[in-house]
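What follows is one structure encoded as structure tokens, with my remarks underneath.
The values are calculated or read from the model by the stated rules, or taken from the named source; none is laboratory data. Every value quoted in this text rests on a predicted model; they were computed, and no experiment measured them. We place every Cβ from the backbone using ideal geometry, glycine too, and count neighbours over all the protein chains shown. Surface areas here come from the heavy atoms of the whole protein model, side chains and all, with no ligands, DNA or RNA. Shrake-Rupley method; radii C 1.70, N 1.55, O 1.52, S 1.80 Å.
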Amino acid sequence: MKARLYIIPASHPSIAAELMLKHKGIDYKRTDLLPVISKGVLRAVGFSGITVPALKIDGDKVQGSRQIARELERLRPQPPLFPEDPDKRAAVEEAERFGDEELQTPVRQILWWGMKKDREPLRGYSEGAKIGMPIGLAMKTAAPVVALSARFNEASDENARQALQELPAMLDKVDGWIESGILNGEQLNAADFQIAPSLGLAMTLDDLRPAIENRPAAALARRLVPNYPGKMPPVLPAEWLATLRGAPVNP
Ligand SMILES: N[C@@H](CCC(=O)N[C@@H](CS)C(=O)NCC(=O)O)C(=O)O
């Protein structure tokens, strides 16, 4: 099987795709792309969409972490990414959908909002990546990359604040799935691989880690992404963090 995965360093759905390729034991080559520039490269190599993860496998092109999960399952059924039992499969698919459609975005918006305040952490998030130029040189283009990425991801004050408010209920949901055995069981599944990278990325933010690290969700992140690249020092306004830390919200 010939596979090439296109990623952006530290992108949570990209890490989900890598985890699934490894789970299936599929050897792959990786092309690391800088945000923004990634869109043009993906088009140039024949993908119809503009986001990573994007996978070329045996001549086919698959884009999107959930689509990649299904293509890998089709190409190599063992070890499985989805349970055989229909009820269990439906539960895993719902958790996976939540991870993709609901959890990824707030984490991404908080991260890019933080980068607008302090873009130096971008260096750490790119650690170990082969982006085709020295990281010091890439950092010289960091200002427009951050501005465009923040705009692309709609990382406005309002959305970042809203994302912070939504996060505790989302973490409760993940903890509930762990307690009921849908996530973080003996047999890992597509939802584990989808959700753990979002948790891992969130935990690279000093502002968010305290709200996650003692939860069951953190154990899932530590199991699957123990060395998530990057670290963002405290950057969010204390007032915005109040709901996350359990303090009452001002009326
Ligand atoms: N929900 C999609 C999200 C894909 C996505 O938005 N990827 C981001 C990186 S996390 C991207 O490619 N952004 C383009 C950019 O930042 O320039 C998936 O799971 O595949």
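Using equal-weight Cα scatterers in the Debye expression, the normalised intensity of the chain in log10 at q = 0.11, 0.12 Å⁻¹ is -0.58, -0.69. Rolling a 1.4 Å probe over the protein heavy atoms gives the chain an accessible area of 47 Å² per residue.
When all protein chains stay in place and ligands, DNA and RNA are ignored, the 1.4 Å accessible-area order of Met20, Met139, largest first, is Met139, Met20. Couplings 3J(HN,Hα) for the stretch 88-104, derived from phi with the Karplus relation 6.51 cos²θ - 1.76 cosθ + 1.60 (θ = phi - 60°), are 5, 4, 4, 5, 5, 5, 5, 5, 5, 4, 4, x, 6, 8, 10, 7, 4 Hz, where x marks Gly and Pro. Step through the table entries Lys56/Lys140; Lys2/Lys130; Lys116/Lys231; Lys61/Lys231; Lys117/Lys140, compare each Cα-Cα distance with 26 Å, and write down the pairs that go over it. Flagged as over cut-off: Lys56/Lys140; Lys61/Lys231.
Once the Cα-Cα distance is subtracted from the 0.36 nm per residue extended length, the Leu75 to Asp172 segment shows a gain of 31.5 nm. Only helices enter this figure: runs of n ≥ 4 DSSP H residues, each worth -39500 (n - 2.57), summed and divided by the residues of the chain, yield -15500 deg cm²/dmol at 222 nm to the nearest 500.
Within the stretch 119-194, list the GluC sites (Glu not before Pro) lying in a DSSP loop whose Cβ has at most 16 other Cβ atoms in a 10 Å radius. Listed in order of number, the matching sites are Glu127, Glu154, Glu186.
Given +1 at the Cβ of Lys and Arg, -1 at the Cβ of Asp and Glu and no other charges, the dipole of the stretch 169-251 around its Cα centre is 140 debye to the nearest 20. At 1.4 Å probe size, what's the solvent-accessible area of Ile8? Round to the nearest 10 Å². Rounded to the nearest 10, the figure is 30 Å².
For the residues Arg245, Arg223, a 1.4 Å probe over the protein chains yields an accessible-area ranking, largest first, of Arg245, Arg223. Ignoring ligands, DNA and RNA, what percent of the accessible area of the stretch 50-103 is carbon or sulfur (1.4 Å)? It is 47 percent, rounded to a whole number. Rounded to the nearest 20 Debye, what is the dipole magnitude of the chain about its Cα centre when Lys and Arg each give +1 and Asp and Glu each give -1 at the C-beta? In debye, rounded to 20, the chain gives about 1160. Of the residues Lys22, Lys140, ranked by 1.4 Å probe accessible area with the largest first, the sequence reads Lys140, Lys22. Between the listed residues Pro79, Ala16, Val36, the Cα displaced farthest toward the positive end of the dipole of the stretch 5-96, a dipole computed from Cβ unit charges relative to the Cα centre, is found at Val36. When the chain is treated as a GNM, springs tying every alpha-carbon pair under 10 Å, which of Asp100, Asp172, Asp32 comes out with the largest mean-square fluctuation? It is Asp172. Entry note, the chain: relative contact order of 22 percent, from Cα contacts under 8 Å with a spacing of 6+ residues.
Loop-located GluC sites (Glu not before Pro) in the stretch 14-122 (DSSP state not H, G, I, E or B) with no more than 13 neighbouring Cβ atoms inside 10 Å: Glu84. Rolling a 1.4 Å probe over the protein chains gives Ser180 an accessible area of about 80 Å². Per atom type, the stretch 149-223 shows carbon and sulfur on 44% of its accessible surface, probed at 1.4 Å.
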